[in-house]
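Reviewing the structure listed below.
The values are calculated or read from the model by the stated rules, or taken from the named source; none is laboratory data. Bear in mind that the values here come from a model prediction, so they are computed numbers and not experimental data. Glycine also receives a Cβ, built like all others from the backbone with ideal geometry; neighbour counts cover every protein chain displayed. Accessible surface is based on the protein model in full, side chains and every heavy atom, while ligands, DNA and RNA are left aside. Shrake-Rupley method; radii C 1.70, N 1.55, O 1.52, S 1.80 Å.
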Amino acid sequence: MLIIMSREATLEQIRGVEQFIESLGLRAHAIPGESRTAIGVTGNSGPLNTAQFEELPGVVQAVRVTKSFKLVSRETKPEDTVVSVGDVRVGGRELAIIAGPCSVESREQIFKSAELAKQAGAQMLRGGAFKPRTSPYAFRGLGKQALEWIQAAGREYDLPVVSEVVDHESCELALPFIDVLQVGARNMQNYTLLEAVARAGKPILLKRGPAASLDELLNAAEYILSTGNYNVILCERGIRGFSDFARNTLDLNIVPAVKEMSHLPIIVDPSHGTGHRKMVAPLGRAAVAAGADGLIVEMHPDPDHALSDGYQSLYPLQLSGLIESLRHIAPAVGRTL
Ligand code: PEP
Ligand code: MN
């Protein structure tokens, strides 16, 4: 159920509706918009009677939301959500570029990566400390030590940092160090993890599962919003197809589809989406042209000796070239960089 308040509704009237919702044992989510506030109702197992809400002062209309996701939908909030991470905005006019290595490998490597990412024009730094690897014998990340190093590197170069958490324990460990908690593709439907990261209160980068539908991605995001955390950035990172020349099939179709159905920002990961360095820049450009709010790109100071995903990591100069070319594409789609 979505309760649309009148443009003139007072704060007291909004609070009154919230209290009424809570008195029914349900949860109220007030979502202020440009012209009016909408209040989402969650927690009901069956349909609610609209009339009981429409009688309350300040209410224009109560609308049943038939989809399983509500808070993430455009019906609930017509205006785009802009997620703020320090001074960086994701989902506004300005594109947000996140760059850095797949994994944090050493203090020196992440500091060099931060310096190069900054020079190239990136706004945030990525680097994994807990790596969910396909093989248990592959490099699994340096854990807490990596978190300390990436935080220090981000501070040194004034770049907010993004890193993946894989369970409750890594989430707790990462909290003091990381600005955006990434939920990886393999964990998109790990619902207890989604609720744990949501409660942590930091912005979340939610990657699409390799076999997840649009509906499943939006429902996964709904888990986070329904826990009270509205700062979610969606990420397309490629799905399993039958391509025999790329690691995944980057599904850029989802960008305009998300834009129509949801107010949440969506960025694209052309590194995992293609798995090949030479494909990263072309697909990154295509993503921005398709309306993505930004990119997350793997870049390593020395990709040939990277401990993970070296073959898809850009050389530093390739990152600068990509960002430079995006400066030409951005204005054509009404964006800045
Ligand atoms: C990553 O970003 O390093 C990563 C493991 O990505 P994904 O979850 O999309 O595979
Ligand atoms: Mn990687």
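Can you tell me how many residues in segment 181-205 are assigned to a strand (DSSP E or B) and away from ligand 2 (no atom under 16 Å from the Cβ)? Spell out how you get there, then give the answer.
Filtering segment 181-205 down to residues assigned to a strand (DSSP E or B) leaves 181-183, 204-205.
The next check asks that each one be away from ligand 2 (no atom under 16 Å from the Cβ); those that pass are 181, 204.
Selection size over segment 181-205: 2.
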Quiz item: Inside segment 45-55, can you point out the residues that are open to solvent by 40 Å² or more (accessible area, probe 1.4 Å) and part of a loop (DSSP other than H, G, I, E, B)?
Solution: S45, P47, N49, E55
Quiz item: Restricting to segment 149-169, what's the tally of residues that are more than 16 Å from ligand 2 (Cβ to nearest atom), open to solvent by less than 10 Å² (accessible area, probe 1.4 Å) and not hydrophobic (A, V, I, L, M, F, W, C)?
Solution: 1
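Within segment 88-130, restricting attention to residues that are of a type in the set (D, E, K, R) and in contact (Cβ under 8 Å) with a residue 40 or more places away in the chain, which residue is farthest from ligand 1 (Cβ to nearest atom)? Please lay out each step first, then the result.
First, pick out the residues of segment 88-130 that are of a type in the set (D, E, K, R): 89, 93-94, 105, 107-108, 112, 115, 118, 126.
Subset that is in contact (Cβ under 8 Å) with a residue 40 or more places away in the chain: 93-94, 105, 107, 112, 115, 118, 126.
On the way: R93: 26, E94: 22, E105: 13, R107: 19, K112: 18, E115: 20, K118: 20, R126: 7 Å.
Once the filter is applied, the top-ranked residue is R93.
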Quiz item: Among the residues of segment 39-55, is there at least one that is in contact with an Asp or Glu (Cβ under 6 Å, 6 or more places away or on another chain) and of a type outside the set (V, I, T)?
Solution: no
Quiz item: Among A281, A330, A289, which is under 22 Å from the mean Cα position of the chain (by Cα) and surrounded by fewer than 17 Cβ atoms within 10 Å (Cβ to Cβ)?
Solution: A289
Exercise. Among what's in segment 14-33 and is open to solvent by 50 Å² or more (accessible area, probe 1.4 Å) and assigned to a strand (DSSP E or B), pick the residue that is farthest from L225 (Cα to Cα).
Key: P32
Exercise. Tell me which residues, restricted to segment 136-147, are part of a helix (DSSP H, G or I) and either out of contact with any helix residue (DSSP H, G or I) (no Cβ under 9 Å at 6 or more places or on another chain) or open to solvent by 70 Å² or more (accessible area, probe 1.4 Å) (or both).
Key: K144, Q145
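Any chance segment 34-42 includes a residue that's closer than 21 Å to H263 by Cα, touching a residue at least 24 places away in the same chain (Cβ under 8 Å) and surrounded by fewer than 15 Cβ atoms within 10 Å (Cβ to Cβ)? Before the answer, list the steps.
As a first pass, look at segment 34-42 and keep what is closer than 21 Å to H263 by Cα: 34-42.
Subsequent filtering for residues that are touching a residue at least 24 places away in the same chain (Cβ under 8 Å) retains 34-42.
Among the residues that remain, those that are also surrounded by fewer than 15 Cβ atoms within 10 Å (Cβ to Cβ) are: 34-35.
Checked against the condition, which is being closer than 21 Å to H263 by Cα, touching a residue at least 24 places away in the same chain (Cβ under 8 Å) and surrounded by fewer than 15 Cβ atoms within 10 Å (Cβ to Cβ), segment 34-42 yields at least one hit.
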Exercise. Scan segment 67-97 for residues that are open to solvent by less than 10 Å² (accessible area, probe 1.4 Å), within 18 Å of L264 (Cβ to Cβ) and among the β-branched types (V, I, T) and jot them down.
Key: V72, T76, V83, V85, V90
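If you scan segment 117-127, which residues turn out to be in a helix (DSSP H, G or I) and open to solvent by less than 30 Å² (accessible area, probe 1.4 Å)? Walk me through how you get there before you give the answer.
Narrowing segment 117-127 to residues in a helix (DSSP H, G or I): 117-120.
If the condition is that a residue be in a helix (DSSP H, G or I) and open to solvent by less than 30 Å² (accessible area, probe 1.4 Å), then A117, A120 are the ones that fit.
Restricting to segment 255-278, name every residue that is part of a helix (DSSP H, G or I), hydrophobic (A, V, I, L, M, F, W, C) and open to solvent by less than 10 Å² (accessible area, probe 1.4 Å).
Within segment 255-278, the first condition is being part of a helix (DSSP H, G or I), and the residues that meet it are 255-261, 270-274, 277-278.
In the following step, the residues that additionally are hydrophobic (A, V, I, L, M, F, W, C) were identified as 255, 257-258, 261.
If the condition is that a residue be part of a helix (DSSP H, G or I), hydrophobic (A, V, I, L, M, F, W, C) and open to solvent by less than 10 Å² (accessible area, probe 1.4 Å), then V255, V258 are the ones that fit.
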Quiz item: Within the group F177, F130, which residue is at pLDDT 95 or above, more than 16 Å from ligand 2 (Cβ to nearest atom), part of a loop (DSSP other than H, G, I, E, B) and not aliphatic (A, V, I, L, M)?
Solution: F177
Quiz item: Within the bounds of segment 84-103, is there any residue that is under 15 Å from the mean Cα position of the chain (by Cα), modelled with pLDDT of 95 or more and basic (K, R)?
Solution: yes
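Each row is one residue, and each column tells you yes or no for (1) crowded, with 19+ Cβ neighbours inside 10 Å; (2) under 23 Å from D251 (Cα atoms).
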residue	(1), (2)
C171	yes, no
A174	yes, no
M188	yes, yes
E195	no, no
L217	yes, yes
S226	yes, no
N229	yes, no
Quiz item: Taking the stated definitions as given, is S135 within 24 Å of E298 (Cβ to Cβ) and small (G, A, S)?
Solution: yes
Quiz prompt | All positions within segment 284-306 that are touching a residue at least 12 places away in the same chain (Cβ under 8 Å), assigned to a helix (DSSP H, G or I) and either away from ligand 1 (no atom under 15 Å from the Cβ) or more than 24 Å from T134 (Cα to Cα) (or both) | solution = G284, R285, A286, A287, V288, A289
Practice problem: Considering (1) within 20 Å of Q182 (Cα to Cα); (2) buried (at least 21 other Cβ atoms within 10 Å of the Cβ), say which one S308 fails and leave the rest. | Solution: (2)
